[in-house]
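Take a look at the structure below.
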Amino acid sequence: VQLQASGGGLVQAGGSLGLSCTASGRSISRFVMGWFRRAPGKEREFVTAIDWSGGSIYYADSVKGRFTISRDNAKNTVYLQMLGLKPEDTAVYYCAASAFNMPTTRSENYAYWGQGTQVTVSS
């Protein structure tokens, strides 16, 4: 599975951005899909994950209520809608695919990773 993330950019605090992650090479319809991020000088951290049906979703506390993950299996794509962005959301955002049968927050459970897209939030 090859994952291509897109949609990053520069936005002012309080603004919004939408990220997309499109898969190729294989259907992701049975994969758990996740988003992670790595801020400058920090470890990669979990953001959100969604099961294959969209019926089970996990969010990190730091983004709960502001970010929304969704997926369109017919388009082999997962989305991350980000509202109310804060400077501390600045990071490279990565999408990832896991063969687990439920959303997982652990990066080691994801076998496939996209290349990342930069999100910068100015204050």
Just a yes or no: is a residue in the range 9-30 in a strand (DSSP E or B) and touching a Lys or Arg at 6+ places or on another chain (Cβ under 7 Å)?
-> no
Picking from Ala99, Ala74, the residue that is open to solvent by 40 Å² or more (accessible area, probe 1.4 Å), in contact (Cβ under 8 Å) with a residue 60 or more places away in the chain, small (Gly, Ala, Ser) and more than 13 Å from Thr120 (Cα to Cα) would be Ala99
Within the range 66-108, residues being among the aliphatic types (A, V, I, L, M), in a loop (DSSP other than H, G, I, E, B) and within 19 Å of Gly8 (Cα to Cα) number 2
By residue number, the members of the range 1-38 that are among the polar types (S, T, N, Q), open to solvent by 40 Å² or more (accessible area, probe 1.4 Å) and within 14 Å of Phe67 (Cα to Cα) are Ser16
Of the conditions (1) open to solvent by 30 Å² or more (accessible area, probe 1.4 Å); (2) of a type outside the set (S, T, N, Q); (3) assigned to a strand (DSSP E or B), the single one that Val47 does not satisfy is (1)
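The values are calculated or read from the model by the stated rules, or taken from the named source; none is laboratory data. Being a predicted model, the structure only gives us computed values, none of them experimental. FYI the Cβ positions are ideal-geometry reconstructions off the backbone, even for glycines, and counts take in every protein chain you see. All accessible areas refer to the heavy atoms of the entire protein, side chains included, with ligands and DNA or RNA removed. Shrake-Rupley method; radii C 1.70, N 1.55, O 1.52, S 1.80 Å.
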